[in-house]
Amino acid sequence: MEFNESFILGCSAIGAGLAVIAGIGPGVGQGIAAGHAAAAVGRNPGAKSDITSTMLLGQAVAETTGLYGLLIAMLLLFVKPLV
Amino acid sequence: MGQGILLSAGADVDFMIHGVFSYELFGQTVWITTTHVCLLIVVLLLMGFSCVAGRVIKRAKDVPGTFQNIVELIVEMLQNMVGSTMGKSAGKFVNYIGTIFIFILICNISGLFGLRPPTADYGVTLPLGVMTFCIIHFNKFKHQKVSGVLKGLCDPWPIWAPINIIGDVAVPISLSLRLFANVLSGTVMMALVYGLLSKIAIAWPGVLHVYFDLFSGAIQTYVFCMLTMTYVSDAIGSDA
């Protein structure tokens, strides 16, 4: 079956939209990390700077999977591998 | 059709890499892009700063002036960061880590000065990841010897060797993609704000600049250097 370019572009746009759903996971994960960090600061306020830097490092690493989704969306929209 | 999908609003949303001029090399068309230009600006800036800083430090005074204070502050901060993560082997790596830290930081925050951040181009971040990969494996072979590397590869059983190899190869890819995608997402967001809301984008996008360029850029710089140091000190092992 032969598909024309507009159809494939439309499907790519839908796929890009589905790909950025990957942002849910890192959002939940970062929220959990921040919540635990807040609890840790509450328990031990003296270690606030250590806790904050560890939390930010962990969150930035956890963010990676969401960014992979963003990359897939970008590829579908701009590099257009399927057309 | 082109980029019609996202840009259907007709506004000039622009975050792509543009070619400045092209030339022929061995039958291939090679483009000099905005990334090269921005990279050149950043590198020239850093070289100028280094020359001035070197001259000031060479004639250092007992009571430091403002500029000497700033330079000493930067060097001390980098030494503390590397020292607290790498312990005994920090001395050998503080130069490399410091260099890539300053370079990536200036690249990331160059969006603040109207440049397109060079790190929002995969051609800039992949070499950084590959350099980290080379340093990891050079130190692995140097400190654990071939037998140690083979033993690490066949951990826990020899059957797992392909998966361990994939895990090794994934390190530079994930490092470079993390940096690239973070900076790119900031660039895209700023381009959307300026392109689609150009009528009301007065002064308040400064807040977004602080988040996307300064905060996110600094965090990603820190993460890149931190992960590099962690991997390298992991490769050196306990015998260092």
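The values are calculated or read from the model by the stated rules, or taken from the named source; none is laboratory data. Given the structure is predicted, the values throughout are model-derived calculations rather than measurements. Counting neighbours? That spans all protein chains shown, and the Cβs are built from the backbone with ideal geometry, glycine included. SASA here: full protein model, heavy atoms, side chains in, ligands and nucleic acids out. Shrake-Rupley method; radii C 1.70, N 1.55, O 1.52, S 1.80 Å.
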In the set B:48, B:54, which member is within 18 Å of residue B:105 (Cα to Cα) and either open to solvent by 80 Å² or more (accessible area, probe 1.4 Å) or not in a loop (DSSP other than H, G, I, E, B) (or both)?
B:48
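Assess whether residue A:22 counts as being over 23 Å from residue B:222 (Cβ atoms), facing chain B (nearest Cβ under 9 Å) and touching a Leu at 6+ places or on another chain (Cβ under 8 Å). Before you say what the answer is, go through the steps one by one.
On the way: over 23 Å from residue B:222 (Cβ atoms): yes; facing chain B (nearest Cβ under 9 Å): no; touching a Leu at 6+ places or on another chain (Cβ under 8 Å): yes.
Spelling it out, it is not the case that residue A:22 is over 23 Å from residue B:222 (Cβ atoms), facing chain B (nearest Cβ under 9 Å) and touching a Leu at 6+ places or on another chain (Cβ under 8 Å).
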Hey, does segment B:173-185 have a residue that's in contact with a Phe, Trp or Tyr (Cβ under 6 Å, 6 or more places away or on another chain) and either surrounded by fewer than 15 Cβ atoms within 10 Å (Cβ to Cβ) or within 14 Å of chain A (Cβ to nearest Cβ) (or both)?
yes
Within segment B:98-148, residues being loosely packed, with under 15 Cβ neighbours inside 10 Å and either outside any helix (DSSP H, G or I) or of a type in the set (Val, Ile, Thr) (or both) number 4
Identify, by number, the condition in (1) away from every other protein chain (no Cβ under 14 Å); (2) over 22 Å from residue B:18 (Cβ atoms); (3) in contact (Cβ under 8 Å) with a residue 12 or more places away in the chain that residue B:157 doesn't meet.
(3)
Selection from segment B:58-82 of residues that are open to solvent by 100 Å² or more (accessible area, probe 1.4 Å) and either more than 26 Å from residue B:226 (Cβ to Cβ) or in a loop (DSSP other than H, G, I, E, B) (or both)
B:58, B:59, B:61, B:62, B:63, B:66
Filter result for residue B:188 (modelled with pLDDT under 90 and either within 14 Å of another protein chain (Cβ to nearest Cβ) or in contact with a Lys or Arg (Cβ under 6 Å, 6 or more places away or on another chain) (or both)):
yes
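Return yes when residue B:42 is without any contact (Cβ under 8 Å) to a residue 60 or more places away in the chain and away from chain A (no Cβ under 14 Å) and no when it is not.
Details: without any contact (Cβ under 8 Å) to a residue 60 or more places away in the chain: no; away from chain A (no Cβ under 14 Å): yes.
When the stated conditions are applied, residue B:42 does not pass them.
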Would you mind stating whether residue A:65 is touching a Pro at 6+ places or on another chain (Cβ under 8 Å), within 14 Å of chain B (Cβ to nearest Cβ) and open to solvent by 60 Å² or more (accessible area, probe 1.4 Å)?
yes
Selection from segment B:215-225 of residues touching a residue at least 60 places away in the same chain (Cβ under 8 Å) and crowded, with 20+ Cβ neighbours inside 10 Å yields B:216, B:217, B:220, B:221, B:224, B:225
Filtering segment B:188-214 down to residues that are surrounded by 15 or more Cβ atoms within 10 Å (Cβ to Cβ) and aromatic (Phe, Trp, Tyr), which residue is farthest from residue B:145 (Cα to Cα)?
B:194
Checking residue A:82 against (1) in contact with a Cys (Cβ under 8 Å, 6 or more places away or on another chain); (2) open to solvent by less than 50 Å² (accessible area, probe 1.4 Å), which single condition isn't satisfied?
(2)
Just one of the numbered conditions (1) closer than 20 Å to residue B:110 by Cα; (2) under 23 Å from the mean Cα position of the chain (by Cα) is not true of residue B:204; which one?
(2)
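Is it true that residue B:166 is away from chain A (no Cβ under 14 Å), at pLDDT 90 or above and in a helix (DSSP H, G or I)?
Working: away from chain A (no Cβ under 14 Å): yes; at pLDDT 90 or above: yes; in a helix (DSSP H, G or I): yes.
It is true that residue B:166 is away from chain A (no Cβ under 14 Å), at pLDDT 90 or above and in a helix (DSSP H, G or I).
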Among the numbered conditions (1) under 18 Å from residue B:226 (Cβ atoms); (2) of a type outside the set (Asp, Glu); (3) open to solvent by 70 Å² or more (accessible area, probe 1.4 Å), tell me where residue A:59 comes up short.
(3)
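For every residue, the table says whether it meets (1) among the charged types (D, E, K, R); (2) closer than 23 Å to residue B:95 by Cα; (3) free of Cβ contacts under 8 Å to residues at least 40 places away in the same chain.
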{"position": "B:201", "(1), (2), (3)": "no, no, yes"}
{"position": "B:207", "(1), (2), (3)": "no, no, yes"}
{"position": "B:212", "(1), (2), (3)": "no, no, no"}
{"position": "B:237", "(1), (2), (3)": "no, yes, no"}
Does residue A:82 satisfy the criteria of being away from chain B (no Cβ under 11 Å) and touching a residue at least 60 places away in the same chain (Cβ under 8 Å)?
yes
